[in-house]
Amino acid sequence: MKVTLLQIDIVWGCPQKNIEQAQLLMDRNPGADLYVLPEMWSTGFATQPTDVAEDEASSVSLAWMRDEARQKKCAICGSLAVRISDGSYRNRHYFVDGQKGIVSFYDKHHLFTYGGENKYYCSGDEHTIVEYQGFRFLLLTCYDLRFPLWSRYAERLQFDAIICVANWPESRQNAFHILTRSRAIENVAYLIAVNRVGDDSFNHYRGCSCVISPIGKTIVSCLPNVTQAQSCTIDLPSLQHKREKFKVLDDRDVK
């Protein structure tokens with residue numbers, strides 16, 4: 001499967017400009033099976049979403065994801081700040097399968113309390129695993145990356161790859177580097193992480209989006225501080241061979 005990382009400099013509170021950025025990168029990097037955008041890619045990390053979040057039912061950003069995935073016969077994922085029908089706000093990670101016309105989503109479980117995200121958003125309490133072209137993808141969002149128990153391969157949580165979309169600041173870039181490798185190694189799974197670049201009112205973001213192999217090696221990475229797309233191939237038979245040859249998952253803790 002060909003995966004393309006879409007590392008963008010998010011324009012604050014302006015979905016149309018961010019759609020244009022994403023569209024341009026996709027058009028310049030055709031042929032991927034899966035395109036991955038950052039966390040809250042259409043607005044920036046809006047911890048106070050009242051005037052920024054889109055209504056899910058009328059979201060131009062989600063509509064664009066659906067249309068683009070259908071036209072390109074691919075999948076697109078990334079999170080959006082949305083207000084849902086009950087009036088609550090969610091940091092919702094969408095996975096749009098343009099081949100089947102299916103939209104799946106995951107609501108961020110670990111809200112970033114240090115930044116006040118928990119004051120306005122409702123957290124999700126369920127995992128989401130999406131099956132696409134034979135792969136089982138576990139969806140995570142940014143801060144979730146710090147919590148290994150939430151993403152641990154288990155009897156009822158089996159997956160082949162993790163997709164983590166993020167707004168991870170430069171000040172904690174070293175943690176991002178270590179945690180992406182750790183989650184891949186401990187689960188013997190691919191780890192796809194897409195971070196933003198640029199600045200908002202609170203932080204500078206270096207990006208350094210990456211795809212990590214099941215043994216913790218970097219398959220591909222984006223340059224720091226650059227709007228950029230990077231592509232690579234992930235291979236299910238190769239993953240299955242690694243898991244069969246070195247059966248570390250058989251010895252995992254089950255309690």
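All of the numbers you see were taken from the coordinates with simple rules; none came from a lab. Remember, it's a predicted structure, so these values are computed and weren't measured experimentally. FYI the Cβ positions are ideal-geometry reconstructions off the backbone, even for glycines, and counts take in every protein chain you see.
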Cα-based equivalent ellipsoid, region 1-65: semi-axes from gyration tensor eigenvalues, Å: 23, 12, 10
For region 96-255, averaging the sequence separation of alpha carbon pairs under 8 Å that lie six or more residues apart and dividing by its residue count, the contact order in percent is 14
Between residue 240 and residue 85, take the C-beta separation as r, use R0 = 30 Å, and let me know the FRET efficiency to the nearest 0.05. 0.15
Could you give the size of the charge dipole of the chain about its Cα centre, using +1 on the Cβ of each K and R and -1 on the Cβ of each D and E, expressed in debye and rounded to the nearest 20? 680
Which ³J(HN,Hα) values in Hz, rounded to whole numbers, follow from the phi angles of region 140-152 under the Karplus curve 6.51 cos²θ - 1.76 cosθ + 1.60, where θ = phi - 60° and Gly and Pro get x? 10, 9, 6, 4, 3, 4, 7, 10, x, 5, 5, 10, 7
What's the long-distance tail for the chain, i.e. % of Cα pairs beyond 33 Å? 12
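Given 20 °C and 1.002 mPa s, how large is the Stokes-Einstein diffusion coefficient of region 199-243 in µm²/s, with Rh as the Kirkwood radius over Cα pairs?
Once the numbers are plugged in, D ends up at 171 µm²/s.
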If one builds a Gaussian network model of the chain from Cα atoms under 10 Å apart, the most fluctuating residue listed among 125, 199, 67 is 125
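Evaluate the charge dipole of region 201-255 about its Cα centre and quote only its size in Debye, nearest 20, assuming +1 on the Cβ of each Lys and Arg and -1 on the Cβ of each Asp and Glu. Display every interim value, and only then the final one.
Numbers: 8 positive and 5 negative charges, 16 e Å.
The dipole of region 201-255 has a size of about 80 debye.
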Förster radius 22 Å - calculated FRET efficiency between residue 202 and residue 14, Cβ distance, rounded to 0.05: 0.80
Classify region 52-156 as rounded, prolate or oblate from the Cα gyration tensor: take a ≥ b ≥ c as the square roots of its eigenvalues, call it rounded if a/c is under 1.5, otherwise prolate when a/b beats b/c and oblate if not. oblate
Here, region 94-142 modelled as identical Cα point scatterers in vacuum has Debye log10 I(q)/I(0) at q = 0.17, 0.22, 0.24 Å⁻¹ of -0.58, -0.80, -0.88
Leaving out same-chain residues fewer than 8 places away, which lysines sit with a Cα under 27 Å from that of residue 2? 17, 72, 73, 100, 108, 217, 242, 245, 247
Of 19, 116, 134, which is farthest towards the positive pole of the chain's charge dipole, taken about the Cα centre with +1 and -1 on the beta-carbons of Lys, Arg and Asp, Glu respectively? 134
If you bin every alpha carbon distance in region 141-231 into 5 Å steps from zero, what whole percent lands in each bin? 3, 15, 26, 25, 16, 9, 4, 1, 0
Local net charge near residue 239, Cβ-Cβ under 14 Å (Lys/Arg +1, Asp/Glu -1): +3
